[in-house]
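Below is one structure, written out as structure tokens; comments come after it.
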């Protein structure tokens, strides 16, 4: 079963485009290096900053609001992804990537010069405004440069950047914070980013663009509405249950405001000549199914990334570094599995490969609560190793598959919508699973227990260790529920075969529907 293929390479009023040259003249080697460097800036951000939080708080103060160092950055990245996706389809990838990298570097320089926690949080938002361009545009250029058969190679390279960052980030952040100054964790971005900018400016050749028949109109009202909706929603999710109770007036007011702004966004986007999030993103079954599936992936990823280190330290009694290695085992298998996934989906198709991967992930997540207490470190590490392999088999075929169903002029918007849904899933997951964990801890330790006082003594008593073990078990069951939602979206919405578009020989350009996979 297939869908009808898109009929044009761009929307009305956009410049006509052709895809980049995929041959030797494209100088793909330097461009790929630039993409990996740019992605490395975004990948290192969270891991390197989290290690230096004690030194930052000790220098600037602001312990009660330091979580906004991460939430503010996440907010800016999430809400700008669809904006940058539309801009890259309208004006080209190169100017968007250059502008985003410059903005990220300016934010990094400002962060290094911060004089208190409020200024640092504000400058982290500036960083995030650039980070949205880095994440979305890098993935889009990677798909532009490589034909369908070769895309797993570049995607595996980009995945290896995240894997390396998850291991090197904490070590580098700790080294700089402990032996230099925490400000260097932001200044180190400058030489990396400048090298990426030079490589992009010199070697990335944009496709030929004919003059538009009419002036291109940017949906700035839609962009502002999307930003406002995301800001209010993520603020509600991040602060709910932390700064105020979930059922309090602030939470209900913010959630209600987010719902009203979302409705306003839909109205604006329907009336816009060139909407930031076009309606076809949700009308096409393939794209809608991938968006929902990867939104569920973002949801389930919170369980291991946020809660497994706490489990490893408080239940297994490991130190911070050893706990990090337990978590990092899935970042080793994920890129390897992703790189090999093309051998599977070329035989059985994108949808069935993704179904196989998420089904395996569902079983592994359900297996976590059956680990013995307290258990051995190799047991969760083995589960994480297998989980990474399963998710590599799930995520990459969906990204490569959905990028292959749209023409060049729609690829930026499509890629950004996928990443946007995954980021929203992570934001929701952080709030949802945090509430689940706190609820289990309160039930096990007594309703009157002040959870904030437990952190220094998580491994002090057997009762606390068992409570943490139970809380993480429930979180993993919730993550299994998210995996089930992803599986349901694939089985009910995704076509059995993705309608892959033909690529013109030598230039990677999407044309008519060539077949289904």
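Please treat every number below as a calculation from the coordinates, not as lab data. Given the structure is predicted, the values throughout are model-derived calculations rather than measurements. Counting neighbours? That spans all protein chains shown, and the Cβs are built from the backbone with ideal geometry, glycine included.
Can you give the alpha-carbon Rg of region 304-446 over 2.2 N^0.38 Å, where N counts its residues?
On the way: Rg = 17.6 Å, N = 143, 2.2 N^0.38 = 14.5 Å.
Compactness ratio reported: 1.21.
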Response to the item:
Between residue 168 and residue 373, the FRET efficiency computed from the C-beta separation at R0 = 22 Å comes out, to the nearest 0.05, as 0.10
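So for 49, 475, fewest C-beta neighbours within 10 Å to most, what's the order? Provide the component values of the computation, followed by the final result.
On the way: 49 23, 475 29.
Arranged by neighbour count, lowest to highest, 49, 475 become 49, 475.
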Fill in: Separation in nanometres of the label points that stand 7 Å from Cα toward Cβ, at residue 190 and residue 150
3.7
Worksheet item: So for the pair residue 493, residue 247, with labels modelled 7 Å out along Cα→Cβ, what separation do we get in nm?
Response: 3.1
Response to the item:
Here the gain from full extension of residue 283 to residue 466, 0.36 nm per residue of separation minus their alpha-carbon distance, amounts to 61.2 nm
Worksheet entry | Cα coordinate range in region 103-176, projected on the principal axes (Å, largest first) | 50, 26, 13
Practice prompt. Treating each Cα of region 291-351 as an identical point scatterer and ignoring solvent, apply the Debye formula and state log10 I(q)/I(0) at q = 0.17, 0.25 Å⁻¹.
Written response: -0.74, -1.02
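Which of 150, 269 comes first, and how do the rest follow, when ranked by fewest Cβ neighbours within 10 Å? Intermediate results must be reported in sequence, preceding the final value.
Numbers: 150 14, 269 18.
Ranking 150, 269 by Cβ neighbours within 10 Å, fewest first, gives 150, 269.
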Worksheet, complete the sentence: Distance in nm between residue 347 and residue 118 label points, each 7 Å along Cα→Cβ, equals 6.1
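Taking 2.2 N^0.38 Å as the expected size of a compact globular protein, what ratio does the Cα radius of gyration of region 220-272 give against it, to two decimals? Walk me through the numbers on the way to the answer.
Working: Rg = 12.2 Å, N = 53, 2.2 N^0.38 = 9.9 Å.
After normalising by residue count via 2.2 N^0.38 Å, the value is 1.23.
Please arrange 84, 311, 474, 73 by counting, for each residue, the other beta carbons lying within 10 Å of its beta carbon, fewest first.
Fewest-to-most Cβ neighbours within 10 Å comes out as 474, 73, 311, 84.
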Fill in: Length released on extending from residue 179 to residue 260, taking residue separation times 0.36 nm less the Cα-Cα span
24.3 nm
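Estimate the FRET efficiency between residue 340 and residue 221 by the formula 1/(1 + (r/R0)^6), using the beta-carbon distance for r and 51 Å for R0, to the nearest 0.05.
Working: r = 45 Å, r/R0 = 0.88.
Efficiency at R0 = 51 Å is approximately 0.70.
According to the Kirkwood expression over distinct Cα-Cα pairs, how big is the hydrodynamic radius of region 244-287, in Å?
Details: mean 1/r = 0.0805 Å⁻¹.
Kirkwood radius, region 244-287: 12.4 Å.
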Worksheet item: Taking region 20-206, how much of its Cα-Cα pair set, in percent, is spaced more than 20 angstrom apart?
Response: 53
